[in-house]
1. Within the stretch 322-329, is there a residue that is more than 16 Å from ligand 3 (Cβ to nearest atom) and among the aromatic types (Phe, Trp, Tyr)?
2. Which numbered condition in (1) aromatic (Phe, Trp, Tyr); (2) in the same structural domain as Leu39 (by TED's automatic domain parsing); (3) not in a helix (DSSP H, G or I) is the only one that Phe123 fails?
3. When you go through Pro486, Pro546, Pro562 one by one, which is the residue that is at pLDDT 90 or above, open to solvent by 30 Å² or more (accessible area, probe 1.4 Å) and not basic (Lys, Arg)?
4. Of all helices (runs of 4 or more DSSP H) completely enclosed by the stretch 447-556, which ones contain at least 2 residues that are under 27 Å from Ile349 (Cβ atoms)?
5. So in the stretch 198-255, with the set limited to residues that are assigned to a loop (DSSP other than H, G, I, E, B) and hydroxyl-bearing (Ser, Thr, Tyr), which one is nearest to Ser155 (Cα to Cα)?
6. For the stretch 337-391, what are the residues that are basic (Lys, Arg) and surrounded by fewer than 16 Cβ atoms within 10 Å (Cβ to Cβ)?
7. Having 2 or more residues that are within 35 Å of the chain's Cα centre (by Cα) and modelled with pLDDT of 95 or more is the bar; report the helices (runs of 4 or more DSSP H) wholly within the stretch 353-440 that clear it.
Amino acid sequence: MEANKELQFYKLLEQLVALTQIVNEEPETEKIESLLCELSGMFRLSMGESHFYRDPQNEKNGIGETSICFDNGKTGVPIHTVRFVTRLMSITTMTVYMEEDEAPLTEDEMYKVDIIMRTLLAFVSRNKLQTLAEELAFYDDPGFRNVRSFFRYLSWNSQPGDLSNKVAINYNLRHFALLNEEYGRVGGDLILRNHYRHLESLIGNNGAIARLGGDAFVCICDQTDLPEVLDYLNDATVLASQDGKTAHVSSYAGVFQIPDGYTVRNPGDIMNKIMNAYQLAKIGVQGNIVFFSDMMMSAREKTSRVLKMFPAALKKGEFHVFYQPKVNVETGEICGAEALCRWFHEGKIVPPIEFIPALEETNDICKLDFYMLDKVCEHIRKWLDEKKHAVRISVNLSRRHMIDPELVKTLIDIIDSHNVPHEYIEIELTETTTDVQFKDLKRVVQALQSSDICTSVDDFGMGYSSLNLIRVVPWNVLKVDKIFLPLDEESADSIRSVMFKYVIAMAKNIGLECIVEGVETPAQLKLLRENGCDEAQGYLFDKPLPIEEFEKRLDMMKYELPDM
Ligand code: C2E
Ligand code: MG
Ligand code: MG
């Protein structure tokens, strides 16, 4: 090759190398193409094409993507092929062509053409791998965008105001299992895909959509597209087979309207909000599409905070037993007490309403209840050993325990481990609403009774009271909720007064012990006595007391009853 041409070649090659090395920017395709045209002219080449195969199998079967690298508009025969195999086993090849009547390449020319081809192949291969990596990272198998792509969208839009006028939605197709049954797996897949594609087209370039898995999706759309999107989520007609069958598809959806100037501190923020709203939508009380409100979050956040702190708090002994005395209405004698939990946390006493409902969302409440029973037994044992006036103590058990087949055994093991006679323990249980729970409740109460452990219906009248529950389950005690207790100024023929009278009469007549909770005034105590109720519990006597205070009451043995 003459010196001039040689120099020209190296200049062009240098430019090609520079252009094909650029990463993180769109490649300058036009410039590369014009370089290639010039280079191919130098070597009398008519055409160059490259192939990309995802794996050797595809290469064998000829399934790949072909792209033309340069084409000088002439035909020709292949004269040289270069093949690249990457570590991921994807394969890129490049072949150059030359017209048959052209002078063949010299050895030096072939060497130079080979360099050009390898430079180009490295470039093609890298670009293809990048596309492949994106597909693997941001799409799931059947071609839905995945949650990573959704998070990437959020992090790209993380500046204040980027998401103004946008709405985030978490939705699930309703009864998708039934659709799958009706239309078969293939039909089900088709429904999913068509539903997704339609929403994708509604959202356009103004948002993002992704599948979380199964029939669960998230999306972000413009506020202006929201009515149409929600209409579609509420009721869509979707193609379910190639031959034109359609299915009606509706969804449960949680919606968060992103406020102006909102900053995405962490993509999980938005996700949490739409998930919470979605959970409510699924329960269905507020309809199948629920908008997120801040109130919802603070309750959720509180719950997760409590659940997070609970294990350490239990270990550190932050939960304490307080005792509220139960008093005989005729004599003022202390005939029992209810154990109520108090959480001593960071110098404050947290009342049960702040943590019991949160713990009831998981089985943590069961751990707390067993802990309380254990402490109560420890205290009773101590009182018995000290020859104090020990009384029967009632312990609250959450309904969550009812499905535990080992429950009664665990309770008895705890009591027996402290060597406490069973008659000192009473278990308070609340009413239940479903048949299944009802059966479990009956089984538990029966088993406790046959082990001489007392049971009481707590908060009778508060929930969905069922007289059947009282008839069928062998309770010992009926604890009438303060909701039934007439106020001082209330007349004797008010509905509450009448109900109060008959509830106590019913309990007495079927042989149940009867106690009323929330007794606050002497007049209320008088009402209990007049109606033949046995016991009272309430602020009139004492609030729930720490153990040292309660022990003083035990020493005192009875309260002075007020003049009535
Ligand atoms: P509960 O079992 O019905 O307990 C009675 C509640 O009424 C107690 O509230 C008590 O302090 C309150 N009370 C007692 N006398 C009066 C009164 O004269 N007036 C008024 N206004 N209230 C009175 P507390 O201690 O806040 O407990 C609330 C609920 O938390 C309990 O209701 C019980 O359901 C639950 N709880 C407390 N400790 C435990 C526990 O260890 N395990 C479980 N599972 N639940 C517990
Ligand atoms: Mg109770
Ligand atoms: Mg109660």
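1. Narrowing the stretch 322-329 to residues more than 16 Å from ligand 3 (Cβ to nearest atom): 328-329.
Of the ones still in play, those that are also among the aromatic types (Phe, Trp, Tyr) are none.
Scanning the stretch 322-329 turns up no residue that is more than 16 Å from ligand 3 (Cβ to nearest atom) and among the aromatic types (Phe, Trp, Tyr).
2. Every condition holds for Phe123 apart from (3).
3. Values: Pro486 fails: open to solvent by 30 Å² or more (accessible area, probe 1.4 Å); Pro562 fails: at pLDDT 90 or above.
Going through Pro486, Pro546, Pro562 in turn, the sole match is Pro546.
4. Working: elements: 467-472, 495-509, 522-530, 547-556.
By residue number, 547-556.
5. Start the filter on the stretch 198-255 by keeping residues that are assigned to a loop (DSSP other than H, G, I, E, B), which leaves 207, 214-215, 235, 240-245, 250.
Within this subset, residues satisfying the condition of being hydroxyl-bearing (Ser, Thr, Tyr) are 241, 250.
Numbers: Ser241: 37, Ser250: 30 Å.
Filtering the stretch 198-255 for residues that are assigned to a loop (DSSP other than H, G, I, E, B) and hydroxyl-bearing (Ser, Thr, Tyr), the one nearest to Ser155 (Cα to Cα) comes out as Ser250.
6. Of the stretch 337-391, the ones basic (Lys, Arg) are 342, 348, 367, 375, 381-382, 387-388.
Lys348, Lys367, Lys382, Lys387, Lys388 - these are the residues of the stretch 337-391 that are basic (Lys, Arg) and surrounded by fewer than 16 Cβ atoms within 10 Å (Cβ to Cβ).
7. Qualifying helices (runs of 4 or more DSSP H): 364-385, 407-417.
So that you can scan it fast, the table gives a plain yes or no per residue for (1) open to solvent by 40 Å² or more (accessible area, probe 1.4 Å); (2) in contact with a Lys or Arg (Cβ under 9 Å, 6 or more places away or on another chain):
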{"residue": "Gln257", "(1), (2)": "yes, yes"}
{"residue": "Asn276", "(1), (2)": "no, yes"}
{"residue": "Ala281", "(1), (2)": "no, no"}
{"residue": "Gly287", "(1), (2)": "no, no"}
{"residue": "Phe291", "(1), (2)": "yes, no"}
{"residue": "Thr303", "(1), (2)": "no, no"}
{"residue": "Met309", "(1), (2)": "yes, no"}
{"residue": "Val327", "(1), (2)": "no, yes"}
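The values are calculated or read from the model by the stated rules, or taken from the named source; none is laboratory data. This one's a predicted model, so the numbers in the text were calculated from it and none came from an experiment. Glycine gets a Cβ as well: all are built from the backbone with ideal geometry, and neighbour counts include every protein chain shown. Just so you know, the surface numbers come from the protein's heavy atoms only, side chains and all, with ligands and any DNA or RNA stripped out. Shrake-Rupley method; radii C 1.70, N 1.55, O 1.52, S 1.80 Å.
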